[in-house]
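Some notes on the structure that comes next.
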Amino acid sequence: MLLSVLSALAEPTRLEAMRLLRDGNEHCVCELMERIGATQSRMSRHMRVLKDAGLVIDRRDRQWVRYRLNPTMPAEIALVLEAIVRVGSANDRSAA
């Protein structure tokens, strides 16, 4: 499982999606697309990878699919996720 998580988080678009989802709210693909600057098909594909890795869950709401962090994610995976997102955010700030 750890390998699939690390692989999923190695892609910048997916890592950015995880940063956005850390707020604890549900976000539809359209919102993620707009904030990240990705097309619908590309964003949906990335969210599928994150879902397959067990990092997010989805819920259909009429025509929208809404995503949020997986609340049943194992604690050790949640710690890895938090560390990777924190390091990525720190690197982004230092590059600016």
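What order do you get for 50-57, 30-37 when each peptide is scored by the mean count of other beta carbon atoms within 10 Å, highest first?
On the way: 50-57: 19.0, 30-37: 15.4.
The most tightly packed comes first, giving 50-57, 30-37.
Using 7 Å Cα-to-Cβ label points, what is the Arg45/Asp61 separation (nm, one decimal)?
Using points 7 Å along Cα→Cβ, the separation is 2.6 nm.
Which FRET efficiency, nearest 0.05, do Arg22 and Thr72 yield, Cβ-Cβ r, R0 22 Å?
Rounded to the nearest 0.05, the efficiency is 0.85.
So what are the chain's ellipsoid semi-axes, whole angstrom, largest first, if each one is the square root of 5 times an eigenvalue of the alpha-carbon gyration tensor?
Equivalent ellipsoid of the chain: 20, 17, 12 Å, largest first.
Using a 1.4 angstrom probe on heavy atoms only, work out the carbon and sulfur share of the accessible area of the chain in %.
53
Given a 1.4 Å probe and heavy atoms of the protein chains only, how would you sort Arg42, Arg59, largest accessible area at the top?
Heavy-atom accessible area, descending, gives Arg59, Arg42.
The values are calculated or read from the model by the stated rules, or taken from the named source; none is laboratory data. In this text, all values refer to a predicted model and were calculated from it rather than measured experimentally. FYI the Cβ positions are ideal-geometry reconstructions off the backbone, even for glycines, and counts take in every protein chain you see. All accessible areas refer to the heavy atoms of the entire protein, side chains included, with ligands and DNA or RNA removed. Shrake-Rupley method; radii C 1.70, N 1.55, O 1.52, S 1.80 Å.
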